[in-house]
Amino acid sequence: MTPTDLPQLETLSKEQLIKLLWEMVARVQALEAEAAALRAENQELRARLAKNSRNSGKPPSSDGLKSLGGRKVYGSQGRRSVEASKGMRVTPW
């Protein structure tokens with residue numbers, strides 16, 4: 001039943017209204033059960049998402065790609081020497 005059907009309620013008999021009411025009660029109960037199941041699933045998924053290798057038995061490789069939290073990431077040549085930072089030429093081999 002939609003809001004546009006509301007004027008038709010006046011034409012229904014008492015038995016029809018009671019039947020409609022029970023159908024709505026059953027629908028509300030089904031929706032409440034579905035909402036409870038979805039809340040439980042959401043809570044479980046949030047708990048799983050919050051786990052990583054630091055707070056569970058998962059290996060570090062299962063953490064996925066994430067920010068390194070301010071640590072420097074070095075290229076394929078590794079750290080550059082002090083001379084390289086002063087402008088002197090450093091050969092990679």
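So here's what we get for this one:
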read-out: The range 33-54 - residue that is modelled with pLDDT of 95 or more and of a type in the set (A, V, I, L, M) and, of those, most open to solvent (accessible area, probe 1.4 Å); value: Leu38
read-out: Leu6 assigned to a helix (DSSP H, G or I) and surrounded by 10 or more Cβ atoms within 10 Å (Cβ to Cβ); value: no
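The values are calculated or read from the model by the stated rules, or taken from the named source; none is laboratory data. Every value quoted in this text rests on a predicted model; they were computed, and no experiment measured them. All Cβ positions, even for glycine, are placed from backbone atoms using ideal geometry, and neighbour counts span all protein chains on display. Quick note on the areas: whole protein, heavy atoms, side chains included, nothing else; ligands and nucleic acids left out. Shrake-Rupley method; radii C 1.70, N 1.55, O 1.52, S 1.80 Å.
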